[in-house]
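The values are calculated or read from the model by the stated rules, or taken from the named source; none is laboratory data. All of these numbers come straight from a predicted model, not from anything done at the bench. When we count neighbours, we look across all protein chains shown, and the Cβ atoms used for this are built from the backbone with ideal geometry, even at glycine.
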Amino acid sequence: MWRAQAHDEESRLEAEKELKYKGTARVRLKWLHFRWNEPGELDDTNVERLKSIFRKECRRLDIRNHICAVVDQQHLDAAILVSGISAGALLAKPESGYPELVFPAGYQLECLHGRHRIQAGKEVLPPADKWWTVDLYLAGTMELSSKSTLLTSTFYRHRPRAENISDRGVFQRREARRRRDLPQDTSVPLSTQP
């Protein structure tokens, strides 16, 4: 029973992800924003570890290192226009690299993960090289649970199979996130909440 539910939920989320996926681009670090941008939330040890790695090699184009972000259609259209590219260029498989997407001054692109990588990049990359590869998803109707599932599915899809946790483990983590993201209503048992 739970496998059927997990499969249905996974299928729904994959379909939503495909509808909302707008492409991949190189984006300047100054436009990348994280909902929780408090300096105390950064793990300095992790940032230092990443800085050490980036000084030797920074593999921003590797799909496992892309950052997921959400953008509204209006800002995406403006960025495409300013950048002098087409929406199709963001979806095309790059032969010579991803196109650079330029956002209006002061714009903050909401990233769903990657704060430590971006902080390390800000500190060690040369000014002309301060960009990251970002997978863009349309904002608006995407639920918080869909965002966390997007992260989970993107992360596990790109990990070698030996490092993946079991299907049951993925389902349990998704359910825990879904329950955490639901409004807490103590009058209704959790198992009956949508």
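Numbers at a glance
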item	result
Set Val71, Val102: member being farther than 22 Å from Pro127 by Cα and of a type in the set (Val, Ile, Thr)	Val71
Elements of type helices (runs of 4 or more DSSP H) in the range 64-128, at least 3 residues being in contact (Cβ under 8 Å) with a residue 24 or more places away in the chain and either among the acidic types (Asp, Glu) or surrounded by 18 or more Cβ atoms within 10 Å (Cβ to Cβ) (or both)	115-124
Residue match in the range 135-144 (condition: in a helix (DSSP H, G or I) and either of a type outside the set (Phe, Trp, Tyr) or within 30 Å of Glu16 (Cβ to Cβ) (or both))	yes
Subset of the range 31-63 that is modelled with pLDDT under 90 and assigned to a helix (DSSP H, G or I) - its residue that is surrounded by the most Cβ atoms within 10 Å (Cβ to Cβ)	Glu41
